[in-house]
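Read the figures in this text as sums done on the coordinates, not as results from a lab. Fair warning: this is a prediction, and the values are worked out from it, not measured in the lab. Please note: Cβ atoms are built from the backbone with ideal geometry, for glycine as well, and neighbour counts cover all protein chains shown.
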């Protein structure tokens with residue numbers, strides 16, 4: 001198809017990213033911000049093998065499912081994909097997405113998929129935010145707006161075809177930097193003051209920090225030059241205090257002074273406790289202690305401030321740990337990108353949460369579902385799928401802070417949890433003690449390493465032995481093993497039994513490593529409960545499990561992420577008799 005030429009497209013569905021799907025001359029066309037039922041005028045912007053991508057210019061006929069998005073930066077921010085679609089249609093799409101992935105990837109044509117369970121709240125539900133910062137610059141807008149129900153005041157941030165996104169400029173009264181989320185399919189920061197799906201406490205911390213950055217001219221990361229530039233009300237990016245770096249000077253000065261690049265905020269479900277993680281690049285922030293003091297004074301709900309310096313050129317997952325209640329500096333990183341030297345600047349390094357009547361301590365880099373109210377809906381479905389009667393031995397793989405483990409522990413005889421992140425394991429052990437649950441054992445290590453070690457194969461870094469031909473090895477997510485891994489896993493794996501009755505898998509988006517699935521089968525659970533946030537990797541892993549004797553019998557989608565294309569699923573698999 002000819003790029004730049006407008007044509008009419010009938011939108012019939014949404015793809016896995018929430019983009020509208022149509023066909024032109026037999027070729028699949030993806031259109032962001034389109035809705036099933038739209039008759040749209042579009043223009044091709046990208047040609048790829050197997051599909052084209054187009055931009056939405058206008059609508060000849062609107063879908064009955066289309067609604068005005070309430071967010072003023074919706075068309076530029078990459079955080080949400082479905083605000084222009086009614087919530088009822090979002091739920092129908094998410095069920096359809098799970099069903100289609102099972103059929104197309106898993107080759108399951110007869111597995112019943114339930115209706116997607118709705119979230120208790122569709123806005124202000126997220127307990128975790130990762131805001132990004134950069135010195136400001138103007139960028140091209142999307143050219144969307146009038147005639148789409150997406151014009152000024154309803155999601156576009158500017159009139160159609162104005163050529164620039166207003167929010168790319170330096171935030172009105174806040175001059176010198178942009179702060180917010182990355183734009184769709186870019187690393188350009190979309191500037192805003194509030195995210196509508198974030199908990200209000202997270203927004204409050206974000207706004208308070210921005211005020212402090214302006215007041216004190218704290219250096220902000222300059223993405224163009226690779227160094228810091230000062231924030232301030234002077235209106236000239238990087239001019240204040242002479243901190244604008246030239247490209248050739250970045251390496252020499254980066255070791256002496258850091259510049260703020262990200263802010264991570266986490267809070268509990270009622271917003272009464274929150275943690276802030278300052279992530280500078282290029283070194284530590286000179287004003288970290290002052291920021292922490294004033295930020296905690298401005299937001300009394302903030303119980304702790306942590307600093308974690310981003311390593312140069314990092315894109316991977318870090319592993320920093322701050323044990324609960326332990327101040328000072330530790331090695332490793334925090335979340336992603338890779339960070340070094342995370343340290344507690346002030347207060348506590350954890351917050352407290354309650355889930356289904358249980359109390360949890362959660363460290364800054366420990367995994368916990370981002371929708372606390374939706375998490376209770378999800379965990380009730382996990383319990384239903386597990387079918388516990390009181391005496392079972394259960395495995396909770398990828399257990400995080402032990403949230404699922406402790407919920408299971410009240411209903412079964414013994415629970416073994418496995419988790420890679422050291423601080424999460426410390427949290428899980430502490431959480432079991434807090435709730436007086438003595439039937440929980442937590443093991444630190446990657447699931448594939450611990451399970452492989454239990455059965456004596458695949459221990460050496462990058463080595464997989466005795467993998468059946470029916471189960472080809474592949475490293476989910478493309479991670480690389482580090483030399484020397486395995487000693488701790490071998491030692492701790494010895495506490496695992498050689499048989500469990502029920503296994504719960506709750507892996508990250510990349511799904512399970514095939515070695516983990518292989519070793520799991522050797523534990524011979526009678527049923528497996530797979531909790532997934534990605535239907536495509538779920539379907540892939542279910543296909544592998546089917547090849548080693550486990551068949552899905554129940555699939556229940558749960559909406560943990562309203563306004564986005566993501567969906568959680570709970571799947572029960574029974575072992576073939």
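Sorting the segments 51-60, 94-103 by their residues' average number of neighbouring beta-carbon atoms within 10 angstrom, most packed first, yields 94-103, 51-60.
From most to least packed by mean Cβ count within 10 Å, the peptides 182-191, 31-40 give 31-40, 182-191.
Each principal axis of the Cα cloud of segment 418-460 was evaluated for its coordinate range; sorted largest first, these ranges are 36, 20, 8 Å. For segment 1-136, the extents of the C-alpha atoms along the principal axes are 51, 44, 29 Å, listed from largest to smallest.
The mean sequence separation of alpha-carbon pairs under 8 Å and at least six residues apart, normalised by the residue count of segment 6-85, gives a relative contact order of 26 percent. Scoring 64-72, 422-430 by mean Cβ neighbours within 10 Å over their residues and listing the highest first yields 422-430, 64-72. The alpha carbons of segment 356-416 occupy a box of 34, 21, 19 Å along the principal axes, longest dimension given first.
Binning the alpha carbon pair distances of segment 6-85 at 10 angstrom intervals from zero yields the distribution 19, 55, 24, 2, expressed in whole percent.
Of the residues 279, 197, the one with the fewest other Cβ atoms within 10 Å heads the list, and the complete ranking is 197, 279. Label-to-label distance, residue 51 versus residue 107, with points set 7 angstrom from Cα along the beta-carbon direction: 2.3 nm. Counting 0.36 nm for each residue step from residue 551 to residue 301 and taking away their Cα separation leaves a gain of 85.3 nm.
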